[in-house]
Amino acid sequence: MDTFAVIGGDRRAIGLTEALATDGFPVIAAGFAYAELPACVTGCTQLSQAVAAADHILLPLPVSKDDETLYLPFARETKTLVTLFPLIREGQTVFGGLVSPAVAAQAAECGVQILDYFAEEELAVRNAVPTAEGALQIAMEELPITLADSRCLITGGGRIAKELVPRLVALHAHVTLAARRPEERAAAQNAGCQVCDIGRIADNDYDVVFNTVPAMLFPDTVLAAMHPQTLMIELASEPGGIDRKAAARRGFRVIVASGLPGRVAPKTAGRIIGDTVLSMLRKRGHDL
């Protein structure tokens, strides 16, 4: 069986080690001094030893937050990328999440290609479920009212919106979807939602807004026409779609809900990463 080395990361990475070990693969984990690993996973104190023993190396999500050091929230000490990449030998497959151009360039200088599992459509589709559930959890915790009978606006008609719509409808919320594409609005109507054009989002009052569009839909001019007691939940990738400075100035609560799968369902998020990596390997001709 191929051996996997999981190098650092947050609770998603711990879930990833368990998922791969449950599938029968030998798993070595390094960078988890302050975390409890599953009993079926071999912990390793030396990053170099973990790398040397593996066929496939799985780096964190994100690989780095500063383009210089590995993301190792459970490690005793920091590790730089320039010390990691020379350890990787020819023939090893390297994966990482949210691989920035700067990180990819440093790896390439050492002859290493990092395959970005976060860019895979399979992961994005499956991650939409824990993201939607996490967004509902935030709304339930932060709103002073129930989601039942609440007025909810969802912007965008993509993967996350498609998971939010049926859940909110099932909770008897009054849901409006704002999307540019007619087919997205039609699907929302079929699911029991009201719809509006993306340019008309300030026409009605809402208790909560779930923004899934990474474009500036809520500049100061739009926020000025909205009720400041509206809870704004930002689900889009950076820079998001809400002018946070303007929102703060006008008294809106904006909750930036990035990385929800890892926060609310790390075990599921780890399983999703593991399945995605295995799919990527099979596509590359690996017999697993």
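The values are calculated or read from the model by the stated rules, or taken from the named source; none is laboratory data. Because the structure is predicted, anything quoted here is derived from the model rather than measured. As a convention, Cβ positions derive from the backbone with ideal geometry for all residues, glycine included, and neighbour counts pool all protein chains shown.
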Has segment 92-103 got at least one residue that is modelled with pLDDT of 95 or more, hydroxyl-bearing (Ser, Thr, Tyr) and over 23 Å from Gly43 (Cα atoms)?
yes
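From the list Gly91, Gly15, pick out the single residue that is free of Cβ contacts under 8 Å to residues at least 40 places away in the same chain and either within 27 Å of Arg282 (Cα to Cα) or aliphatic (A, V, I, L, M) (or both). Can you show your working first?
Numbers: Gly15 fails: free of Cβ contacts under 8 Å to residues at least 40 places away in the same chain.
Criteria check complete, one pass: Gly91.
Return the residues of segment 184-205 that are in a helix (DSSP H, G or I) and free of Cβ contacts under 8 Å to residues at least 24 places away in the same chain; say none if nothing qualifies. Break it down into steps so the answer makes sense when it comes.
Residues of segment 184-205 in a helix (DSSP H, G or I): 184-190, 198-200.
Listed by number, the residues that qualify are Ala186, Gln189, Asn190, Gly199, Arg200.
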Applying the selection to segment 211-240, what residues are within 13 Å of Gly199 (Cα to Cα) and of a type in the set (Gly, Ala, Ser)?
Ala215, Ala225
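Residues Ala186, Ala179: which one is in contact with a strand residue (DSSP E or B) (Cβ under 9 Å, 6 or more places away or on another chain), among the hydrophobic types (A, V, I, L, M, F, W, C) and crowded, with 18+ Cβ neighbours inside 10 Å?
Details: Ala186 fails: crowded, with 18+ Cβ neighbours inside 10 Å.
That would be Ala179, the only listed residue that is in contact with a strand residue (DSSP E or B) (Cβ under 9 Å, 6 or more places away or on another chain), among the hydrophobic types (A, V, I, L, M, F, W, C) and crowded, with 18+ Cβ neighbours inside 10 Å.
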Taking Leu61 as the residue in question, decide whether it is under 23 Å from Lys283 (Cα atoms), modelled with pLDDT of 95 or more and aliphatic (A, V, I, L, M).
yes
Look at segment 255-288 and say how many of its residues are surrounded by fewer than 19 Cβ atoms within 10 Å (Cβ to Cβ) and not in a helix (DSSP H, G or I).
9
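State all residues of segment 169-187 that are closer than 18 Å to Asn204 by Cα and either in contact with a Ser or Thr (Cβ under 9 Å, 6 or more places away or on another chain) or not hydroxyl-bearing (Ser, Thr, Tyr) (or both); if no residue qualifies, say none. Lay out the reasoning, then the answer.
Taking segment 169-187 first, the residues closer than 18 Å to Asn204 by Cα are 173-180, 185.
If the condition is that a residue be closer than 18 Å to Asn204 by Cα and either in contact with a Ser or Thr (Cβ under 9 Å, 6 or more places away or on another chain) or not hydroxyl-bearing (Ser, Thr, Tyr) (or both), then Ala173, His174, Val175, Leu177, Ala178, Ala179, Arg180, Arg185 are the ones that fit.
Working carefully through the options Ala161, Ala135, find the one that is more than 20 Å from Ile198 (Cα to Cα), in contact with a helix residue (DSSP H, G or I) (Cβ under 9 Å, 6 or more places away or on another chain), among the hydrophobic types (A, V, I, L, M, F, W, C) and assigned to a helix (DSSP H, G or I).
Values: Ala161 fails: more than 20 Å from Ile198 (Cα to Cα).
Exactly one residue qualifies, and that residue is Ala135.
Taking Pro130 as the residue in question, decide whether it is surrounded by 20 or more Cβ atoms within 10 Å (Cβ to Cβ), at pLDDT 95 or above, of a type outside the set (A, V, I, L, M, F, W, C) and not assigned by TED's automatic domain parsing to the domain that holds Val82. Outline the logic, then answer.
Numbers: surrounded by 20 or more Cβ atoms within 10 Å (Cβ to Cβ): yes; at pLDDT 95 or above: yes; of a type outside the set (A, V, I, L, M, F, W, C): yes; not assigned by TED's automatic domain parsing to the domain that holds Val82: yes.
Yes: the conditions hold for Pro130.
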